[in-house]
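Values in this text are rule-based calculations from the coordinates and carry no lab data. These figures come from a predicted structure and were not determined experimentally. In this analysis, Cβ positions are derived from the backbone assuming ideal geometry, glycine residues included, and neighbour counts consider all displayed protein chains.
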Amino acid sequence: MVQSGGGFTLVEVLLVLTVIGVVIAVSIPLFGGYLEQVSSAACMANRSQFRRMYEAHLIAEGKRHSLLEFGAFLDSYDKEICPGSGVIAFLEQRISCSVHQDNDEDDGESVPFL
Ligand SMILES: [Zn+2]
């Protein structure tokens, strides 16, 4: 007689590998989208914090906003603002990122200086 018990048949192993492959194929795009959302939210929060620190810097130093002043403060800011390595710039009255867009949730927090 053929001995049975112990170990799996080839079909069982292939079935398990196929199921694992399907699970991975489904979860990777979902996980990637989630990571992008988290990265975008972190970038927006960091830009908001950076803007507050820049405004405090202007008040503390008695300076007025200018692109030169903004650039100097940005260079001296030692924390990473965009986790996606986006370029931070002052465009259209707000601090923008080259990678992440602002959600159009204008909560009245547009930059008040100028
Ligand atoms: Zn960004």
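Quickly run through segment 81-101 and pick out the residues that are part of a strand (DSSP E or B) and not aromatic (Phe, Trp, Tyr).
Here is the first cut: in segment 81-101, the ones part of a strand (DSSP E or B) are 88-91, 94-97.
Hits for segment 81-101 are Ile88, Ala89, Leu91, Arg94, Ile95, Ser96, Cys97.
Could you please find all residues in segment 30-80 being within 16 Å of the ligand (Cβ to nearest atom), in a helix (DSSP H, G or I) and of a type in the set (Phe, Trp, Tyr)?
Phe50
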